[in-house]
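Everything on this sheet refers to the single structure shown next.
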């Protein structure tokens, strides 16, 4: 069955995208430079081969050159009165000679004429003769060739010779010549590609490790190979990774130890509160304890938000959002979900559930009604969590995404918030290759938008799973 025009255009777009991505890399650009330079070199060889000033091709024009040059030397040493008879005596079946005052005007130039003119000028330079070579038949430039030799001692009479090319014209583009050039071209390109790949491979591995290090802290050190500069860069990266990993682990262990030590006195305080008869004191202390526990839990969640050990897997994102919304609705929240029945997404389920819970909690804290809208646009998945609260000042929309930033005066701050909810969401979304943005609604309210990019490979796998 023949392919449809749509499939051809899709294949063409994929090919153009592949070539664009390939030639944007170091390997592609260096190979493009090598290919262009080799092509230009090949073209220059061909140009020099056909250039009139290039070397002549044997046996032409050596045989007519020797015959005409020998006749011109003899005539130069012959008295002027006897030159006409001598020229007739020197004629051959392939060469017609004559002395004349008015030679015919031939004006056709060819490569053969240029080669014959250069060789004759070199041969007759010792007697000071001037030479002009032209063909007389425009329809057959390789036919009869006119050679006019002006002897220096006789300004009135010139030697006019007529000859033809001896033997068939040899091809200029012979197989050995073209084969040698192509072999040189392919050899240079192949050796250059191999040499460049040895340089680019460590750089590509270093870039992949640096990108992975932004998502996962615990990574094996990169192999130090390649040129000296690349080995130094890999060694510096390994040392940086080791120091950062050690610092983060120490910070996490310290906070975990502090949180563990805090839980014991918190539990003891709660037990004492339960036995205290003063209801007012009990409520205040209980709120303080809840706030301390929330702060510790939020800090631990923030430290581990971008470094989760959870593996990614395929799931129905639409079903996950609907389930989370149903749980909040059963708890009495005014929330609804709008979106397709199925959205296949390659992500960490627990991480995405934490993202949705944090955004919905934040929306319910400052608004009364929450709407979660999911959609797929081309290669991206959009998730909007909107509330009807007071919104955020435009100048502070980016600030609230930073850790420990709270806008209590403008958002009716609630006890228990430490300003880490949106920072945790942003880190988890970035670990999935997406982005979180906040948009004010009109006339009031706020929309937290998550944009998840789905790669071409992910969409192909998705189609295979659905099929």
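A few notes on this one:
- Test: residue in region 217-227 that is modelled with pLDDT of 70 or more, outside the structural domain of residue 433 (by TED's automatic domain parsing) and closer than 28 Å to residue 429 by Cβ: yes
- Answer residue from region 58-67, given it is part of a loop (DSSP other than H, G, I, E, B) and buried (at least 16 other Cβ atoms within 10 Å of the Cβ) and is modelled with the highest pLDDT among those: 61
- Residue list for region 397-440, filter: in contact with a strand residue (DSSP E or B) (Cβ under 9 Å, 6 or more places away or on another chain) and modelled with pLDDT under 70: 411
- Filtering region 291-313 to residues that are at pLDDT 85 or above and surrounded by 17 or more Cβ atoms within 10 Å (Cβ to Cβ) leaves nothing.
- Scope region 94-124; condition more than 16 Å from residue 65 (Cβ to Cβ) and touching a helix residue (DSSP H, G or I) at 6+ places or on another chain (Cβ under 8 Å); matching residues: 98, 99
- Candidates 9, 70, filtered to the one that is surrounded by fewer than 16 Cβ atoms within 10 Å (Cβ to Cβ) and modelled with pLDDT of 80 or more: 70
- Residue pairs whose Cβ atoms lie under 7 Å apart, sitting 6 or more positions apart in sequence or on different chains, and linking a residue in region 190-205 that is closer than 18 Å to residue 34 by Cα to a partner that is surrounded by fewer than 16 Cβ atoms within 10 Å (Cβ to Cβ), are 199/227; 200/26.
- Filtered residue count, region 314-335, keeping only those that are under 40 Å from the mean Cα position of the chain (by Cα) and either outside the structural domain of residue 434 (by TED's automatic domain parsing) or surrounded by 13 or more Cβ atoms within 10 Å (Cβ to Cβ) (or both): 8
- On inspection, residue 349 passes the criterion of being in the same structural domain as residue 438 (by TED's automatic domain parsing), touching a strand residue (DSSP E or B) at 6+ places or on another chain (Cβ under 6 Å) and over 24 Å from residue 391 (Cα atoms).
- When residues of region 83-118 are limited to those that are over 13 Å from residue 149 (Cβ atoms), at pLDDT 85 or above and part of a helix (DSSP H, G or I), the one nearest to the chain's Cα centre (by Cα): 118
The values are calculated or read from the model by the stated rules, or taken from the named source; none is laboratory data. Predicted model only: the values in this text are computed from it and were never measured. Reconstructed Cβ throughout: ideal geometry from the backbone, glycine too, with neighbour counts over all protein chains shown.
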